[in-house]
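The values are calculated or read from the model by the stated rules, or taken from the named source; none is laboratory data. Treat the numbers as computed from the prediction; the structure is a model and nothing was measured. Positions of Cβ are generated from backbone atoms using ideal geometry, with glycine treated the same way; all protein chains shown enter the neighbour counts.
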Amino acid sequence: MTDEVDVLVIGAGPAGLTAATYLGRFRRSVLVADGGFPRAGWIPLSHNMPGFPAGITGDAILDRMRDQTLEYGAVIEAGRVEGLRRDGSSFVADLNGRTIRADRVLLATGVVDHHPDLPGVERAIERAIVRICPICDGYEATDKVVAVIGDSDMGVREAAFLRTYSERVTLIHIGPSDALTEREALDRLGIELVETPIERVRLEGDRVTALCWNGAYSAFDLVYSALGTSANAELAAAMDCRLAEDGRLEVDLHQRTSVPGLYAAGDVVRGLNQIAVATAEAAVAATDIHNSLRRAAGQTV
């Protein structure tokens, strides 16, 4: 069985849902493939989401966006797209045992976080004890005792960023010693450096106690993971789509990839990993998708 739609949106996070809402309001037929567990769902309480000064949870953000998407006729279907390929001027995708044909495709597949190997890390992220985005919630680290877990110079840069908020920042470097080349910055900024694997972790109330060195426990109010992410770009890579050095998708100013008719928005595109950025990119992509379909149908002046 083959279903035909104007646009297939792959991913049901903030980028994918925003694009589907715009496209629905453009009166396009839209199918959103929801692979489950959007990264935004990890957010315990966001205080930098525009329009919510008291904060809003990630689940609440996604629920509101889903409701809005459905209001304008888009269809959201649970399932992962297992294959994507060109067929003439359109695309063919494999979803839940059937074929989807779409004139345009938007990839909003996001990234996968490299979580530290800590017991109960998922629960700790939900409780906002272990965090993954200092741009999102660094403000809440103001004057706190903060640890950053890293395995490269990314850890140095994240620890330096958090010095904006606290004078008590420790970098726990768990990678090879030669992977840390920016040690001078740590000394200059007064960031303590610990080079050792984390042997044991205790979560006690709202604090993290980690057995890190010399058999001594050290307590932190917050722990940030600076171990990076991997882009969910396999579908695009299989189509020989151009990727950046970090594995994310390269796009132009209209969110178009190097494959004609294939668009991308959100975390899979750039490393800022912000909902506001993802929704803005999705709006740009959806508008260009609609206009490209108008041009193809001879509806432009």
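Pairs meeting the criteria (first residue in the stretch 163-184 and of a type in the set (A, V, I, L, M), second residue assigned to a helix (DSSP H, G or I) and surrounded by fewer than 18 Cβ atoms within 10 Å (Cβ to Cβ), beta carbons under 9 Å, at least 6 apart or on different chains) are V169/L189; A179/D153; L180/D153. Every condition in (1) touching a residue at least 12 places away in the same chain (Cβ under 8 Å); (2) closer than 30 Å to E82 by Cα holds for E122 except the one numbered (1).
All of (1) under 21 Å from the mean Cα position of the chain (by Cα); (2) modelled with pLDDT under 95; (3) surrounded by fewer than 19 Cβ atoms within 10 Å (Cβ to Cβ) hold for M1 with one exception: (1).
Residues considered: V269, V284. Of these, the only one that is out of contact with any strand residue (DSSP E or B) (no Cβ under 8 Å at 6 or more places or on another chain), buried (at least 17 other Cβ atoms within 10 Å of the Cβ), within 22 Å of G13 (Cβ to Cβ) and modelled with pLDDT of 95 or more is V284. Against the numbered list (1) more than 25 Å from P134 (Cβ to Cβ); (2) outside any helix (DSSP H, G or I), A19 comes up short only at (2).
Of all the residues in the stretch 242-258, those that are buried (at least 19 other Cβ atoms within 10 Å of the Cβ) and either hydrophobic (A, V, I, L, M, F, W, C) or over 21 Å from M154 (Cα atoms) (or both) number 5. Close Cβ contacts (under 8 Å, 6 or more residues apart or on different chains) running from residues in the stretch 141-154 that are farther than 23 Å from E184 by Cα to residues that are surrounded by fewer than 18 Cβ atoms within 10 Å (Cβ to Cβ) and modelled with pLDDT under 95 comprise A141/D221; K144/D221.
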